[in-house]
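Student: Structure in structure tokens, see below.
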Amino acid sequence: MSAVVALGVFLAVLGAVPAAAQTTATTASNGRPSPSATGTSPASAAPTTPATTSPGGSGSETVGSVGKSGSPLIHAVVLVDESNSLKPAEVDQEAQAAGLIAAEGQLDPESEIAVVGFGTDDGKAGQVAADDTCPMAPVGSTDFRSCLAKLKLRTEAEGSGTDHAAALDLALNILEDNKTDGVFNVVFLLTDGGLRVDNSPRYGSGNGSDPAVANQRIGAAKTLIDGPIKAKAQRLGVQIWPVGFGSSLDVSWMNHLATIGVGATTDCKVPPAAPAYRFAGNAEEVIFTLHQALANATCLHIDPDKHDDGGPGSPVTLTQTIPVIASRATITAVKRNKDIKVTFTDPNGKAVGGTGSVDGSEYTLNTSSPGSESLSITNPIPGTWKVTFTWPDSADPQTVASDLTWLGQLSGVIRLDPPSPKPGETAVATVRLITSRNIAVTDPGILEGLSFDARLSGEGFDPQAVTLTDDGQGGDKTAHDATFSGTVTVPGSATGGLSLIGRIQVTDESAIGLRGTVQSASYAIPGERSGGVVLQVPAITSAHRGDRITATLTADNTTGSDREIKIALDGVAGATVEPTTVTVRAGQNRFTKDLTIRIAPDAAYGERAGVLRALDATGGGQGVVLDEESLAFDVKAPPGFFAKYWYWFLIGLAVLILAVLVALLLRARWRRAADVSYLQAWASRAQGGPVADLPAPNRWAPQFRFVLRDTGQAIILTLANPDEAADVYTVRRAKHGQLTVIQPSGERRTDPANTPIPLASGLLLRIEDRRVGAGGGGVVPPAPGDPWGGGGQTPADPFSYGGADPFGSPYPGVPAQAAAGGGVPGAAGAPGGQTPPAHDPFGAAPGGQDPFGANPTYSEGADPYGGAPTYTGGAPTYTGGAPTYTGGAPTYTGGAPSYPGADPYGGNPTYTGGSTYGGAQPPPGQQEPKPGQAPPTAPQPGPTWGDEWGNDPFGN
């Protein structure tokens, strides 16, 4: 049946409540509270004083102890069997088990351990039945490394029997000599067999080989154990835990030895805590069985050991899971070979060793036992820890193991809402259960083993029981949030002060390992107060290490003397409040004081839920709560650099982007200002003749490099190769739209675009800037993809000035417009002294139209295939019949034409301009064509004309 074990008792009724506003008392998971100093925390609680217990193991009790660390405080003696029924390796296993107890990190540091090796005294010189191998020393002492090595298998000359009586007697003497109030005493007996004192004369005379003598001596030893030794054990409050191994055990005797000491402590009354015989199976398992016995005796929770085989090149990793409710834990690694390396790794992947702290946890590595290592952790990080064993090359393969012990120090904060209820008013009492890391306990498996209640007491009424639940009913706001609440009505007869005390009970032995605190708080009903006090706490949900939270105290003092108010922060581990005392002067109203709640730089991460209280401390004070406000928040890791300064990052990013954009704009502006791809070089002789031109490459470049050569027959302009230097001219853009030309000689000059530059060779060089319009004004960039935007003054004109005439120029090297007088200076006449025509028949004047467009309007000239012509010159004369027009009769401004014959082309031409020669008369030496004759052939100006339409009789 489940044991119901009280973790706390009611501390007091009115009049017994301490002056402090809140009193705590530490308890084991199953016993009564151990009273602590008024107003102190469990960590500083004074140890309990052992009580005299009734004899026997059935129902007899002793008082367990908790040290200042919150861990079990014990004096223990480990008895190690050295009889010759064992093997040397088995004695060594016992020694390692004793060393594990001596290094146990779950014990309070003030705990002390002694180790006794025993055999028998067979009456020979120098023999001692039990030897104080390791005198009493603090747990974890390095002395155990050397003294445990003295344990060995005894020979017959050394007394090789098994004298349990002598061993127990020496153990009790050691405990009595080191008796300390408030310390729990325990003896662990390790043995492989029954009582064997056949040859020991201390239990009677005779020959031990005689069975009758042997039995008589064994009987005398048992009588000694059941008599004086048992009485002494119970007087000292000592538990006896037999641990047996091997195949020659006397099981009934082992069970009997467990009853000669005291039974379960009042602090830990669950069945596993009562002394009992433990069987290890073999010597290798003794270390774990003894560890289990220690955990049971001290009400620690222990998880079964894990083990695996490994060796050189085959490391072993075992895992141990520390629950969230553990406030202290010890991971033990059993390696047996001192040369095997052990590494402990926390759930965050950090290797932990030595002594230090990490993420709010404090840890200590104990290596005092050569066969094992133990890592003790306060406020351990919950989760899966790893224990890795690594063998040196010289070590033998073997089995290694690990186990885990832990205890959970649960705490809570009790409060009453409202804090000063009126007589007859219903209030809500609340207790919140949290772990040592201030993590709310919400696991249903844990909560099922616990129950909570409270009691309200005060002057003028009998104590009122308060049932606390976490089911969302009866005053509980939220179900399963680890906050237990209940309603209570203050009796109408209540006067003066009120006291609220909370209690935790363990209702199932599955909760072994848990320890609790009993909380109490004192309040006053209205009428007892001398002025109002109000606390205001900001609503926050999270905070970081090192943060400050500002609360406000507002108070009135209507009395004639100063008023002292104590400020207390309860249930918020890792946080403090300043100031802790505030003075409100006599007669002062609306007094206001800021209160600073500081989160410690090393505070453990996790939830916090507590109460900020203002207590009456006037004249020594009664600790009466004047006002209280709850606060709950998460302590989180400090924000990273980006999270902390993200806005500066955004500002910097914006500035950077702006700077990049400005830089890009400036670069684009510079590139445009420096771009020479719109330039075109023209070269000619000063006295006229061939003309050469070369456009810059149609890509961005900061300079235009070309080579200019005059062969006498032709002027040649070519682009310079990147590595070419001789005869290279370089053109760069300068300020204000000007161009700088650097000649091969190094001479440089800067001029506006289109400025003729006389060269030493007699040539004229002109650099045209196609970005500048005809009037030297705005920029006219070529339209992307425009096949006719070749860089002329009129981008849409495919044959405009500076462009390429697809039908060839009528004069070599001279574009149509240049030949007409608007080209390169010096090109005054055509080759051969001929006068070039006014216009290339297909080179429209700037601003003109495509000669093949519909219905063009010409100021002079006519489209031979266009619509109806309009003549501005004289009327032509036809010698033949009048032409027939399909589009209507033409209109002539210079009179009707006269043809000597039929239209030589047989068509019905439509004229938009003058006659074939632009007027009424043909040029000198030319006749109008007669009927049936072809038009006269115009003279060919040069061999490079190349334009089959150059003799167009209708061209201008």
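The values are calculated or read from the model by the stated rules, or taken from the named source; none is laboratory data. Just so you know, these numbers come straight off a predicted model, no measurement behind them. Neighbour counts run over all protein chains shown; Cβ positions are idealised from the backbone, glycine included. Ligands, DNA and RNA are excluded from the accessible area calculation, which covers all protein heavy atoms including side chains. Shrake-Rupley method; radii C 1.70, N 1.55, O 1.52, S 1.80 Å.
Student: Just to confirm a number: summing +1 for Lys and Arg and -1 for Asp and Glu over residues other than Ala568 whose beta-carbon lies under 14 angstrom from that of Ala568, what do you get?
Tutor: Details: positive: Arg415, Lys566, Arg613; negative: Glu564, Asp570, Glu578, Asp616, Asp627, Glu628, Glu629.
Every neighbour counted, the sum reads -4.
Student: With a/c under 1.5 counting as rounded, go ahead and sort the range 234-354 into rounded, prolate or oblate using the C-alpha gyration tensor (a ≥ b ≥ c being the square roots of the eigenvalues; past the cut-off, prolate if a/b is larger than b/c, else oblate).
Tutor: On the way: a/c = 3.03, a/b = 1.54, b/c = 1.98.
Oblate, because a/c is 1.5 or more while a/b does not exceed b/c.
Student: Using alpha carbon centroids, what distance separates the range 150-176 and the range 281-324, in Å?
Tutor: Each part's Cα centre sits 28 Å from the other's.
Student: Continuing with the same structure: From the alpha carbon gyration tensor of the range 60-299, can you work out the equivalent ellipsoid semi-axes (sqrt of 5 times each eigenvalue) and give them in Å, largest to smallest?
Tutor: Here the semi-axes work out to 28, 19, 16 Å.
Student: Next question. Quick one: with all protein chains in place, what share of the accessible area of the range 180-300 is carbon or sulfur, to the nearest percent (1.4 Å probe)?
Tutor: 52
Student: When the Cα centres of the range 568-598 and the range 208-239 are compared, how far apart do they sit, in Å?
Tutor: 65
Student: Oh, and also: Pull out the extension gain between Lys735 and Asp339, defined as 0.36 nm times the separation in residues minus the alpha carbon to alpha carbon distance; nm, one decimal. Provide the component values of the computation, followed by the final result.
Tutor: Working: separation 396, 0.36 × 396 = 142.56 nm, distance 8.33 nm.
Additional length available on full extension: 134.2 nm.
Student: How far is it, in nm, from the label point at Lys593 to the one at Gln703 when both lie 7 Å from their Cα along the line to the Cβ?
Tutor: Once both label points are built, they end up 8.2 nm from each other.
Student: Can you work out the FRET efficiency for the pair Thr319 and Thr442, with r the C-beta to C-beta distance and R0 = 25 Å, to the nearest 0.05?
Tutor: Calculated value: 0.55.
Student: Could you sort out which of Lys422/Lys593; Lys179/Lys230; Lys124/Lys230 sit more than 22 Å apart by Cα distance in this structure?
Tutor: Numbers: Lys422/Lys593 27 Å; Lys179/Lys230 17 Å; Lys124/Lys230 28 Å.
Check vs 22 Å cut-off fails for Lys422/Lys593; Lys124/Lys230.
Student: Share of the range 675-769's accessible area from carbon and sulfur, percent, 1.4 Å? Could you put the intermediate results ahead of the total?
Tutor: Values: 2310 of 4690 Å².
The value for the range 675-769 is 49 percent carbon and sulfur by accessible area.
Student: Let me ask something additional. For the range 119-202, run through the GluC sites (Glu not before Pro) and keep only the ones in DSSP coil with at most 16 other Cβ atoms within 10 Å of their Cβ. Before the final figure, lay out each step's value.
Tutor: On the way: sites: Glu156, Glu158, Glu176; in loops: none.
Those that pass, being in a loop and sparsely packed, number zero.
Student: Over the range 533-636, give the accessible area per residue in Å² for a 1.4 Å probe, as an integer.
Tutor: Each residue of the range 533-636 exposes 44 Å² on average to a 1.4 Å probe.
Student: Regarding the range 410-524, what's the average projected area of the Cα-atom convex hull, expressed in nm²? Write down the numbers at each step before the final one.
Tutor: On the way: hull surface 27.0 nm².
Computed as one quarter of the Cα hull surface, the answer is 6.7 nm².
Student: I would also like to ask the following. Describe numerically, in nm with one decimal, the distance between label points set 7 Å from Cα along Cα→Cβ at Ala586 and at Ser209.
Tutor: 10.2
Student: Where only protein heavy atoms count, and the probe is 1.4 Å, what is the accessible area per residue for the range 410-524 in Å²?
Tutor: On a per-residue basis, the range 410-524 sits at 34 Å².
Student: Given N residues in the range 68-179, what is its alpha carbon radius of gyration divided by 2.2 N^0.38 Å?
Tutor: Ratio of Rg to 2.2 N^0.38 Å for the range 68-179: 1.08.
Student: Given H placed on each backbone N at 1.01 Å, which residues far from Ser372 in sequence or on other chains put an amide H within less than 5 Å of it?
Tutor: Lys335, Arg336
Student: Residues of the range 137-155 with the amide nitrogen closer than 18 Å to a label point 7 Å from the Cα of Asp396, along Cα-to-Cβ, please.
Tutor: In the range 137-155, the label zone of Asp396 (backbone N under 18 Å from the point 7 Å along Cα→Cβ) covers 153.
Student: Shifting gears a bit: How big is the dipole moment of the range 328-378 about its Cα centre under a simple scheme where the beta carbon of each Lys and Arg is +1, that of each Asp and Glu is -1, and everything else is neutral? Debye, nearest 20, please.
Tutor: 220
Student: Sorted from largest down, give the three principal axis spans of the alpha carbons of the range 533-636, whole angstrom values.
Tutor: 46, 23, 19 Å, listed from the longest principal axis down.
Student: If each of Arg548 and Asn255 carries a label point 7 Å out from its Cα toward its Cβ, how far apart are those two points in nm?
Tutor: In this crude spin-label approximation the distance works out to 6.8 nm.
Student: Please work out the average accessible area per residue across the range 92-138, using the 1.4 Å probe convention, and give it in Å². Could you put the intermediate results ahead of the total?
Tutor: Values: 1320 Å² over 47 residues.
In whole numbers, the range 92-138 has 28 Å² accessible per residue.
Student: Then there is this: Percent of alpha carbon pairs in the range 153-199 separated by more than 18 Å?
Tutor: 42
Student: Please name whichever of Gly449, Gly502, Thr469 sits farthest to the positive end of the charge dipole of the range 410-524, dipole taken about the Cα centre and charges placed at Cβ: Lys and Arg +1, Asp and Glu -1.
Tutor: Ranked along the dipole, the leading option is Gly502.
Student: Now for a different question. Counting pairwise Cα distances across the range 675-769, what percent come out greater than 16 angstrom?
Tutor: I get 51 percent for the Cα pairs in the range 675-769 exceeding 16 Å.
Student: Also: What percentage of the solvent-accessible surface of the range 533-636, computed with a 1.4 Å probe over protein heavy atoms, is contributed by carbon and sulfur atoms?
Tutor: About 44 percent, which is the carbon plus sulfur part of the accessible surface.
Student: So which chymotrypsin sites (Phe, Trp or Tyr not before Pro) in the range 549-646 pass both tests, a DSSP loop state and at most 15 other Cβ atoms within 10 Å of the Cβ?
Tutor: The qualifying sites are Tyr645.
Student: Could I ask something else about it? Against the 2.2 N^0.38 Å scaling, with N counting residues, where does the range 168-303 land? I'd like the Cα-based Rg ratio to two decimal places.
Tutor: My calculation over the Cα atoms of the range 168-303 gives 1.13.
Student: Quick one: net charge of Gln588's neighbours, Cβ under 15 Å, K/R +1, D/E -1?
Tutor: +1
Student: What does the charge count around Thr155 come to, taking other residues whose C-beta lies under 13 Å from its C-beta (Lys +1, Arg +1, Asp -1, Glu -1)?
Tutor: Working: positive: Lys124, Lys152, Arg154; negative: Glu82, Asp122, Glu156, Glu158.
For residues surrounding Thr155, the net value is -1.
Student: Each residue of the range 469-478 in order: what ³J(HN,Hα) in whole Hz does its phi give by Karplus 6.51 cos²θ - 1.76 cosθ + 1.60, θ = phi - 60°, with x for Gly and Pro?
Tutor: 9, 10, 10, x, 10, x, x, 7, 6, 10
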